[in-house]
Every structure is written in structure tokens, then in C-alpha cells.
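To start, the structure itself, in C-alpha cells.
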Amino acid sequence: MGQPLTRRIILDTDLGMGQPGSDIDDGFALALAVADPGIDVDLVTTVNGNADVDTVTRLTLELLQRLGRPDVPVARGAATPLLSRWSRAAPDVRRVDPPGTDASGRSPGHAALRIVERVMAEPGELTLVCIAPLTNVALALAIEPRVARSVAEIVMMGGVFLEHTNVAAMPGEFNFWVDPHAAAAVFDSGAPIRAVGLDVTRRVRLTRAHAARMAGSAGGFGRFAAACTDEWISHNERMNPGDEREQGSCALHDPLAVASVVHPELLTWRPARVAVETDGRHTRGVAVADLLTTSEAAEPNCRIAVDVNVDAFTDLFLDRIHGLDQKDRP
Ligand code: RIB
Ligand code: CA
């Protein structure tokens with residue numbers, strides 16, 4: 001694997017990694033970002049998605065403590081999507097901790113404003129890594145459209161571009177489904193975008209054997225990670241009895257997007273013109289990806305991931321998580 005690039009990032013997350021049994025992928029994505037020597041986490045912003053934004057904020061602060069990085073600032077963001085009131089205000093089946101009390105350790109100011117401030121203060125220096133509904137990013141772009149040209153890049157976990165979910169209740173991917181208007185605004189902004197969708201993220205999976213390997217790590221994070229993985233696999237098995245893929249393993253959606261920031265070679269990228277359906281009765285959040293194969297094709301507005309080196313990513317992920325336990329806590 002090539003020498004990793006070095007990137008300063010703002011990580012926008014709907015982290016729900018609380019007690020074992022809650023959604024793990026944002027938490028593992030944050031752990032991977034902290035662990036990768038090629039990534040410097042400047043700021044974490046939180047948004048409604050896997051849990052209500054106060055719970056997400058509190059769990060993010062708690063996980064940063066657990067990772068030995070209480071120095072990373074966390075800014076609370078949007079509590080609802082742009083044009084709806086949808087929120088996981090109460091703990092849902094994903095068993096996050098009880099609804100958030102105020103996360104007193106968070107830094108002041110709304111996440112969207114903090115994104116604008118940081119990006120405009122250092123044009124070209126910061127990469128926005130979005131692993132949640134895109135509400136904060138769309139708000140930042142509405143407040144200051146020049147963010148689109150000042151951000152080094154937007155790398156997101158979101159969408160599904162070469163297939164769809166075959167689930168009528170959510171034909172698009174979750175992050176786009178929660179806030180389709182925000183997703184549409186981001187793709188229309190002119191920002192340089194790489195999108196890592198379900199096409200590839202559903203193929204990178206943690207198994208119970210991987211969990212056992214993490215449990216064997218010397219330090220405490222591996223054991224916590226293993227317990228969370230086992231419980232989340234069991235939860236997904238119960239929630240998706242008819243989906244073979246969800247039996248015995250869980251997808252690492254957000255960690256793959258984070259890894260691709262400085263290890264783009266893990267994925268195969270293709271230019272596309274993506275639009276997001278916002279109001280279709282049956283198609284809310286569906287991404288329409290024109291692969292620019294016809295003579296009338298429009299200009300691309302992003303690159304989408306169309307293939308993944310599963311073994312290379314899995315090895316990188318497990319090595320990085322293992323390495324977290326070797327660090328001396330500050
Ligand atoms: O569809 C996967 C995405 O939805 C991930 O970001 C996961 O954390 C959930 O938010
Ligand atoms: Ca997420």
C-alpha cells in the first residue's frame with residue numbers, strides 16, 4: 001500500500017456508538033481517523049441521524065475520551081433535516097444510550113458555522129469527511145457558498161449508485177434518505193466530491209471472528225470494539241432476517257469512507273453526474289448516477305466508488321484498531 005497522504009479533516013458524524021448493541025460504524029470511523037497517521041482530525045461536527053443530535057454529541061465526546069483524544073473539539077449541529085422534522089428523538093431499536101443530556105464538553109457555536117469558519121480561514125487545507133445525513137454541510141454551503149471552492153475535498157459515505165436497496169421503505173441509502181434536500185444541495189454545490197456508497201460499503205464486513213481478534217488486543221479499546229461488534233451483528237441479524245449478507249457480519253460503511261481519504265487506492269473511482277431525488281413518493285433519497293456514457297452526457301459533479309479491495313481495507317482497519325491499544329494514553 002502506498003505511503004499515505006496527510007490530510008487535515010473535519011469529520012461530520014451521526015455517531016451512535018454507545019453501549020454494545022448500538023450502531024458501530026461511525027464510532028469505528030472516528031477511531032480509524034484518530035488512528036491513521038495520515039489523518040489529522042481538526043474538528044468533529046455532529047448531526048441528527050443514527051440518534052438524536054444531543055445523544056450523538058454526547059457519545060462522540062465519550063468515544064474521544066475513550067480513544068485518548070479529549071483535545072479534539074466537537075461542535076453540535078442540526079437536530080432535524082432541512083425540510084422535515086424527522087429525528088431519532090427517542091432511543092430506537094438501535095439501542096443507543098438514553099436521549100442525550102447536554103454534552104457539556106462540546107465547543108460553542110453551531111456546527112455549520114464552525115465548518116464555514118474553519119474552511120474559509122484556510123482555503124484548500126481542510127477535507128470535509130461526511131459520514132452522516134448532509135444537513136450540516138448543506139447549511140454551511142447555504143451560509144457561505146464559497147465553501148464549495150475553498151474545501152480541499154468532500155469525501156462522503158452516502159448514496160447507492162449502481163443498484164438500489166430493494167427496500168421499499170428506504171430505496172435510497174440512509175444518509176441521503178434522512179435528508180435528501182441536503183444531499184441534493186451538496187451535489188449541486190460545485191464542490192469536489194468523492195462518494196463512497198453502499199455499492200462498495202456493503203462488501204466490507206466485520207465478522208465475529210474479527211471481533212474475537214479485536215478482543216485479544218492488549219488494551220481496552222479492542223475489547224470494547226469486540227463487544228460492540230458482536231452485539232451489532234446480533235442486532236442486524238434480528239432486524240434483517242431475510243438478508244443473507246446481514247447474517248454473521250456487519251458492514252463497515254463509514255470506516256471505508258474515512259480510509260479512502262488517504263488511501264484512495266483501496267477503491268476504484270469513476271466520474272459521474274449525480275442527482276438526488278427529494279420528493280418522490282417511492283424514491284425519496286434515491287441517487288441517480290449518470291455514468292456519462294452517452295454523447296449528451298452532462299459534466300461530472302463527483303467521483304463514485306465502483307469497486308473495493310476488500311482484503312486490503314479489512315487488514316488496514318484491523319491493524320489500525322489493534323494499534324490504538326498500543327498507544328500510551330495522554
Ligand atoms: O447507510 C449507511 C449510513 O447510514 C452510515 O453512515 C451509517 O452510520 C448510517 O448513518
Ligand atoms: Ca453514519
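Quick notes on this one:
- Over all other residues within a Cβ to Cβ distance under 14 Å of Glu299, the charged ones net out to -1, with Lys and Arg as +1 and Asp and Glu as -1.
- Anisotropy class assigned to the stretch 226-326 is oblate, per the alpha carbon gyration tensor with a/c at or over the 1.5 cut-off and a/b no larger than b/c.
- Fraction of antiparallel bridges per DSSP, the chain only, in percent to nearest 5: 30 percent
- With K and R counted +1 and D and E -1, the other residues having a Cβ less than 14 Å from that of Leu83 yield a net charge of -1.
- Long-range HN-HN contacts of Cys302 with modeled amide H, under 5 Å: Ala272, Val274
- Shape call, the stretch 7-326: gyration tensor on alpha carbons, a/c limit 1.5: rounded
- For the chain, a crude dipole built from +1 on the beta carbon of Lys and Arg and -1 on the beta carbon of Asp and Glu, taken about the Cα centre, is about 360 debye to the nearest 20.
- Inter-probe distance in nm under a simple model that places probes 7 Å from Cα toward Cβ, at Leu291 and Arg213: 3.2 nm
- Database remark: amide H of Asp307 closer than 5 angstrom to the amide H of Thr268 (H placed geometrically; neighbours at sequence offset of 5 or more, or on other chains; Pro and chain starts carry no H).
- Local net charge near Pro171, Cβ-Cβ under 13 Å (Lys/Arg +1, Asp/Glu -1): -1
- Å² per residue, accessible surface of the stretch 205-329 at 1.4 Å: 47 Å²
- When the Cα positions of Val310, Ala212, Ala289 are compared along the charge dipole of the stretch 205-330, Ala212 comes out farthest toward the positive end, with charges on each C-beta of Lys, Arg, Asp and Glu.
- Taking a ≥ b ≥ c as the square roots of the eigenvalues of the Cα gyration tensor, the stretch 137-224 is classed as oblate, since a/c reaches at least 1.5 and a/b does not exceed b/c.
- Build a GNM of the chain with springs between Cα atoms under 10 Å apart, and of Glu231, Glu62, Glu296 the one that fluctuates most is Glu296.
- With every protein chain in place, the stretch 213-330: carbon and sulfur % of accessible area (1.4 Å): 48 percent
- The packing ranking, built from the mean of other Cβ atoms within 10 Å per residue, places the peptides 234-244, 117-127, 42-52, 168-178 in the order 42-52, 168-178, 117-127, 234-244, highest first.
- Extension gain (nm, one decimal) between Asn240 and Arg281, 0.36 nm per residue minus Cα-Cα: 12.4 nm
- Burial order of peptide ranges 192-198, 65-71 (average beta-carbon count within 10 Å, highest first): 192-198, 65-71
The values are calculated or read from the model by the stated rules, or taken from the named source; none is laboratory data. Because the structure is predicted, anything quoted here is derived from the model rather than measured. No Cβ is skipped: glycine too gets one built from the backbone with ideal geometry, and neighbour counts run over all protein chains shown. These area figures cover heavy atoms from the full protein model, side chains too; ligands, DNA and RNA do not enter into them. Shrake-Rupley method; radii C 1.70, N 1.55, O 1.52, S 1.80 Å.
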